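Accompanying notes for the structure given below.
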Amino acid sequence: EGCDVITLLVHYMSENLQANLTIHDFMLKTNLSAWAINDMFKRAYHTTPKKYYDHLRLTYAKNLLRNSFKSIKEIAEQDGFKEPQTFSRWFHTLDGRYPSEYKMQKKL
């Protein structure tokens, strides 16, 4: 049963990369407590659902930065961020580089 919930959540996350989902959204989707969701996720993936979701969103953003001609502002919006600055800070926190640096490095 835990595997089914995890599969459902991972699919839900993948389908909603632009939604900026929270643990509350995961609770509504599964009808489970935050503690139960975190526990199952940690056992399955050795991370929290939020970190897993952020990783999916970061991968999606990197793909867009690498493979599209869209501006960082457009990519930020497509990745569910209202403000490009918020996206840049979030990206930097997770990757150690800003989106502009990442985009420049891919051209080298």
Checked ASP54, ASP4 against criteria (surrounded by 15 or more Cβ atoms within 10 Å (Cβ to Cβ) and among the acidic types (Asp, Glu)); the one match is ASP54
Over the stretch 33-44, the set of residues in contact (Cβ under 8 Å) with a residue 24 or more places away in the chain, open to solvent by 20 Å² or more (accessible area, probe 1.4 Å) and within 15 Å of MET13 (Cβ to Cβ) is MET40, ALA44
If we keep only residues of the stretch 73-89 that are under 18 Å from MET13 (Cα atoms) and without any contact (Cβ under 8 Å) to a residue 24 or more places away in the chain, then the residue least open to solvent (accessible area, probe 1.4 Å) is ALA76
Kindly indicate whether any position in the stretch 63-72 is surrounded by fewer than 16 Cβ atoms within 10 Å (Cβ to Cβ), under 22 Å from SER100 (Cα atoms), of a type in the set (S, T, N, Q) and modelled with pLDDT of 95 or more.
no
Apart from one, (1) under 18 Å from the mean Cα position of the chain (by Cα); (2) buried (at least 17 other Cβ atoms within 10 Å of the Cβ) all hold for HIS24; the odd one out is (2)
Flagged in the stretch 93-108 as at pLDDT 90 or above and assigned to a loop (DSSP other than H, G, I, E, B), in numbering order, are GLY96, ARG97, TYR98
Condition set under 15 Å from LEU17 (Cα atoms) and assigned to a helix (DSSP H, G or I), scope the stretch 71-92, selection farthest from the chain's Cα centre (by Cα): answer is GLU74
Filter the stretch 90-108 for residues that are touching a Ser or Thr at 6+ places or on another chain (Cβ under 8 Å) and in contact (Cβ under 8 Å) with a residue 24 or more places away in the chain; the one that is least open to solvent (accessible area, probe 1.4 Å) is PRO99
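The values are calculated or read from the model by the stated rules, or taken from the named source; none is laboratory data. Here the structure is a predicted model, which means the values were calculated and not measured. Cβ coordinates were reconstructed from backbone atoms using ideal geometry, including for glycine residues, and neighbour counts include every protein chain displayed. Heavy atoms of the whole protein, side chains included, go into the accessibility calculation; ligands, DNA and RNA do not. Shrake-Rupley method; radii C 1.70, N 1.55, O 1.52, S 1.80 Å.
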